[in-house]
Amino acid sequence: MLKWNRENTLKKVVPNRPGIYKFYDSNRRLLYVGHAAELRHRVQSYRQDDDPRAHPTKVNLRDHIKYYQFVPMPERQAREAEKEVKKHTKYNYL
């Protein structure tokens, strides 16, 4: 699990490949699970300022994310993994 900071979301850490990502709060409680075709771009997008109307999930999560994980895998497998985790996890509960 990585700390949520600028250095840990850079190119040398997060590959720009398909996979799943998970965000956690300061108590390491799972906040959100998602999949992306390009992990680095998706993870970095949560660090950028967006219009709250365009990206309400990102805006709501941004202040709560303290740790994150990612697992590179083929995109189809990532979609399936995300669905499986969401079946057994209370996610998006901010």
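What follows is calculated from the coordinates using simple rules that are stated; it is not laboratory data. All of these numbers come straight from a predicted model, not from anything done at the bench. Please note: Cβ atoms are built from the backbone with ideal geometry, for glycine as well, and neighbour counts cover all protein chains shown.
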Spatial separation of Cα centroids for region 19-39 and region 40-68, in angstrom: 11 Å
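Summing -39500 (n - 2.57) over the DSSP H runs of n ≥ 4 in the chain and dividing by its residue number, what mean residue ellipticity at 222 nm do you reach, to the nearest 500 deg cm²/dmol? Each step should come with its number before you reach the end.
Values: 3 runs with 28 residues, N = 94.
Value at 222 nm, helices only, nearest 500: -8500 deg cm²/dmol.
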Neighbour-limited loop hits for trypsin sites (Lys or Arg not before Pro), region 16-80 (at most 13 other Cβ within 10 Å; DSSP other than H, G, I, E, B): R28, R29, R47, R53
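In square nanometres, what is the average projected area of the Cα convex hull of region 2-88? Walk me through the numbers on the way to the answer.
Details: hull surface 22.1 nm².
Over every viewing direction, the Cα hull of region 2-88 projects on average to 5.5 nm².
How do S45, S26 line up, fewest other C-beta atoms within 10 Å first?
Details: S45 14, S26 10.
Ordered from fewest to most neighbouring Cβ atoms within 10 Å, S45, S26 come out as S26, S45.
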